[in-house]
Amino acid sequence: ADEALAIARDTQARKNIARSCKLRGEALRAAGEIERARPALCHALSIGVKLKSPALTWPCKLSLAQLEDDAGDHEAARRHYFDAAEIVHNIANRLTDPDLYTRFLAAQPVQTVLHRAVCPIQPQSHPE
């Protein structure tokens, strides 16, 4: 993750910096280093927000929600899950291909978001 971050910074590709920071944060979280993981994930999220990239933002919100659950701050986790669910809902509503719509909503990370946010959206046929 550190090598990917160094490469991304060298090339100034902000999306790659966001992805690398997210990866670093997830690795730190997996290692139990919650307080070191949080800034990396927050930085990734801030880049996604600045770029107005829902595809970067919702996975960062999911990672932050999982981190906050690990840290025992379930209220913060719930807010991140809910924010991620809103973004996922907006993405799904813009998908015009029914198969892509169904596969997107059925994807495991999306299901995690929807389940944990107590969101009523579930995989189904594409709205006509």
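The values are calculated or read from the model by the stated rules, or taken from the named source; none is laboratory data. Since the structure is predicted, the reported quantities are computational estimates derived from the model, not experimental observations. Positions of Cβ are backbone-derived with ideal geometry, glycine not excepted, and every protein chain shown enters the neighbour counts. Surface accessibility is based on the protein's heavy atoms, side chains included, excluding ligands, DNA and RNA. Shrake-Rupley method; radii C 1.70, N 1.55, O 1.52, S 1.80 Å.
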Phi to ³J(HN,Hα) by Karplus 6.51 cos²θ - 1.76 cosθ + 1.60 over segment 29-35, Hz, x for Gly, Pro:
4, 4, 7, x, 9, 4, 5
Using θ = phi - 60° and the Karplus form 6.51 cos²θ - 1.76 cosθ + 1.60, what ³J(HN,Hα) does each residue of segment 60-69 get, whole Hz, x for Gly and Pro?
5, 4, 4, 4, 5, 4, 5, 4, 5, 4
Using each residue's phi in segment 45-53, evaluate 6.51 cos²θ - 1.76 cosθ + 1.60 at θ = phi - 60° and report the 3J(HN,Hα) Karplus result to the nearest Hz, with x for Gly and Pro.
4, 4, 5, x, 5, 4, 7, 6, 10
Take each of the peptides 90-97, 53-60, 109-116, average the number of other beta-carbon atoms within 10 Å over its residues, and list them starting from the highest.
53-60, 109-116, 90-97
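Please report the net charge: other residues with Cβ closer than 15 Å to the Cβ of Arg79, K and R +1, D and E -1.
Details: positive: Arg38, Lys61, Arg78, Arg116; negative: Glu68, Asp69, Asp73, Glu75, Asp83, Glu86.
Every neighbour counted, the sum reads -2.
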Between Thr102 and His74, what is the spin-label point distance in nm, taking each point 7 Å from the Cα along the Cα→C-beta axis?
3.6 nm
For every other residue with a beta carbon closer than 14 angstrom to the beta carbon of Asp69, add +1 if it is Lys or Arg and -1 if Asp or Glu, then tell me the sum.
+1
What figure in square angstrom, to the nearest 10, would you give for the accessible area of Glu26 with a 1.4 Å probe?
60 Å²
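Heavy atoms only, probe 1.4 angstrom, no DNA, RNA or ligands counted: give me Lys50, Lys61 ranked by accessible area, highest first. Intermediate values should be presented prior to the final figure.
Details: Lys50 150, Lys61 30 Å².
From most accessible down to least: Lys50, Lys61.
Tally Lys and Arg at +1 and Asp and Glu at -1 over the other residues with C-beta under 12 Å from the C-beta of Lys50: what net charge comes out?
Numbers: positive: Arg14, Lys15, Lys52; negative: none.
So the environment of Lys50 carries a net charge of +3.
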